[in-house]
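Asker: Sharing a structure with you now.
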Amino acid sequence: MTEGKARLQGKVAIVTGAGSSGPGYGTGKAASALFAREGARVLLVDREPERAEETSAIIAEEGGEASVFEADVTSSDDCRAMVEAAVQRYGRLDALMNNVAVIKTGNVVEVDEDDWDTAMDVNLKGMMLASKHAIPAMAESGGGSIVNISSVEAVRSGTFAPLTPYSVSKGGVATLTISMAVQHGRENIRANCIMPGFIYTPMVAPLLSEEMRSLRARCAPLGVEGTAWDVARAALFLASDEARWITGVALPVDAGLLAASPLSMLPYLRE
Ligand code: NAP
């Protein structure tokens with residue numbers, strides 16, 4: 001990185017799920033704002049365009065460059081059109097942040113089959129489809145970086161409810177990441193995933209009591225609640241050339257949650 005240069009200067013990024021499900025900042029919105037602050041031109045993709053418009057207004061106010069594209073990531077046609085729009089509007093494609101997910105609950109005995117299919121379609125197939133269309137455009141631009149948002153649920157099961165469809169889809173995201181990193185490395189395309197821990201975002205806010213929110217914060221070694229910005233900063237690093245030699249990695253951004261055994265946290269949970 002050249003000293004003083006913005007970290008994504010000259011780059012074009014697509015962020016999926018760039019709106020937030022409610023007031024405040026979700027991961028897609030925070031990452032879009034950060035990417036733009038660091039010089040990227042950002043295509044803000046969401047199935048609810050008015051939410052992405054909010055993100056767009058924030059970026060415009062901060063002097064950044066972004067525009068909205070309405071797409072459902074479960075549609076291959078929408079993903080193709082999304083990539084074409086980025087290239088038409090901005091001339092190239094350097095980064096894709098696959099952020100969209102929905103939460104579907106239940107253990108394997110009780111799970112609703114439609115919920116299972118939706119989790120796989122939105123959380124996993126959506127990332128495959130977006131990448132499928134983005135990779136050739138990135139290769140054409142000389143290479144690029146894909147940042148997939150997985151979850152600690154990919155490797156540790158169970159939070160406030162059984163989340164089997166969600167967890168399995170997030171495990172698939174980690175595997176998809178490795179596969180893409182290996183298959184497309186020679187095109188100078190990097191693929192990494194982030195495993196966020198218990199962050200507080202508009203998507204999970206309606207599901208959490210104050211007590212549960214406090215427990216989520218206390219059960220990790222740092223004992224501090226995470227936000228969308230914590231994940232967005234890690235995504236910025238992985239999207240940037242600072243991470244030029246990093247690919248195929250699953251990075252926990254979790255206050256140490258995955259490092260801790262449950263018993264080691266017991267004194268803090270009793271507080
Ligand atoms: P977010 O970025 O605030 O919101 C995601 C956006 O994607 C919402 O506007 C959502 O709309 C939209 N979306 C949903 N399905 C879509 C589709 N098919 N096509 C296009 N857009 C769609 O959410 P977040 O809570 O911060 O989560 C971001 C990522 O972090 C997710 O992958 C999540 O699994 C992961 N994560 C979150 C946590 C946590 O504790 N929050 C923990 C671990 C991992 P709707 O509101 O209409 O669905």
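Asker: Only one residue in Pro202, Pro206, Pro221 is in contact (Cβ under 8 Å) with a residue 24 or more places away in the chain, within 16 Å of the ligand (Cβ to nearest atom) and either surrounded by 14 or more Cβ atoms within 10 Å (Cβ to Cβ) or in a strand (DSSP E or B) (or both), so which one is that? Steps first, please.
Answerer: Values: Pro206 fails: either surrounded by 14 or more Cβ atoms within 10 Å (Cβ to Cβ) or in a strand (DSSP E or B) (or both); Pro221 fails: within 16 Å of the ligand (Cβ to nearest atom).
Only one candidate passes the filter, namely Pro202.
Asker: A further question follows. So is Asp46 touching a Gly at 6+ places or on another chain (Cβ under 8 Å) and either away from the ligand (no atom under 13 Å from the Cβ) or at pLDDT below 95 (or both) or not?
Answerer: On the way: touching a Gly at 6+ places or on another chain (Cβ under 8 Å): yes; either away from the ligand (no atom under 13 Å from the Cβ) or at pLDDT below 95 (or both): no.
Spelling it out, it is not the case that Asp46 is touching a Gly at 6+ places or on another chain (Cβ under 8 Å) and either away from the ligand (no atom under 13 Å from the Cβ) or at pLDDT below 95 (or both).
Asker: With the structure loaded, tell me whether Leu96 is within 16 Å of the ligand (Cβ to nearest atom), open to solvent by less than 70 Å² (accessible area, probe 1.4 Å) and in contact with a Ser or Thr (Cβ under 6 Å, 6 or more places away or on another chain) or whether it fails that test. Full working, then the answer.
Answerer: On the way: within 16 Å of the ligand (Cβ to nearest atom): yes; open to solvent by less than 70 Å² (accessible area, probe 1.4 Å): yes; in contact with a Ser or Thr (Cβ under 6 Å, 6 or more places away or on another chain): no.
Criteria not met by Leu96.
Asker: Out of the range 201-231, which residues are at pLDDT below 95, closer than 25 Å to Val15 by Cβ and aliphatic (A, V, I, L, M)?
Answerer: Correct list: Met203, Val204, Ala205, Leu207, Leu208.
Asker: Quick one: which strands (runs of 3 or more DSSP E) lie wholly within the range 1-76 and hold at least 1 residues that are of a type in the set (Phe, Trp, Tyr)?
Answerer: 65-70
Asker: Mind checking which residues of the range 187-199 are of a type outside the set (S, T, N, Q) and more than 9 Å from the ligand (Cβ to nearest atom)? Steps first, please.
Answerer: Here is the first cut: in the range 187-199, the ones of a type outside the set (S, T, N, Q) are 187, 189-191, 193-199.
If the condition is that a residue be of a type outside the set (S, T, N, Q) and more than 9 Å from the ligand (Cβ to nearest atom), then Glu187, Ile189, Arg190, Ala191, Cys193 are the ones that fit.
Asker: Let me ask something else. Only one of these is more than 22 Å from Lys132 (Cα to Cα) and open to solvent by 10 Å² or more (accessible area, probe 1.4 Å): Gly10, Gly91. Name it.
Answerer: Details: Gly91 fails: more than 22 Å from Lys132 (Cα to Cα).
The unique qualifying residue is Gly10.
Asker: A further question on this structure: Just to be sure I understand, how many residues within the range 250-270 are buried (at least 16 other Cβ atoms within 10 Å of the Cβ) and of a type in the set (Ser, Thr, Tyr)?
Answerer: Residues flagged as buried (at least 16 other Cβ atoms within 10 Å of the Cβ) and of a type in the set (Ser, Thr, Tyr) within the range 250-270 amount to 0.
Asker: Let me ask something else. Kindly establish whether Ile103 is open to solvent by 10 Å² or more (accessible area, probe 1.4 Å), under 21 Å from Ala232 (Cβ atoms), over 17 Å from the mean Cα position of the chain (by Cα) and within 15 Å of the ligand (Cβ to nearest atom).
Answerer: Values: open to solvent by 10 Å² or more (accessible area, probe 1.4 Å): yes; under 21 Å from Ala232 (Cβ atoms): yes; over 17 Å from the mean Cα position of the chain (by Cα): no; within 15 Å of the ligand (Cβ to nearest atom): yes.
So Ile103 fails the test.
The values are calculated or read from the model by the stated rules, or taken from the named source; none is laboratory data. Owing to the predicted nature of the structure, the values given are computational and were not obtained by experimental measurement. For neighbour counting, all protein chains shown are included, and Cβ atoms are generated from backbone atoms with ideal geometry for every residue, glycine included. Calculation scope for accessible area: heavy atoms of the full protein, side chains included, ligands and nucleic acids excluded. Shrake-Rupley method; radii C 1.70, N 1.55, O 1.52, S 1.80 Å.
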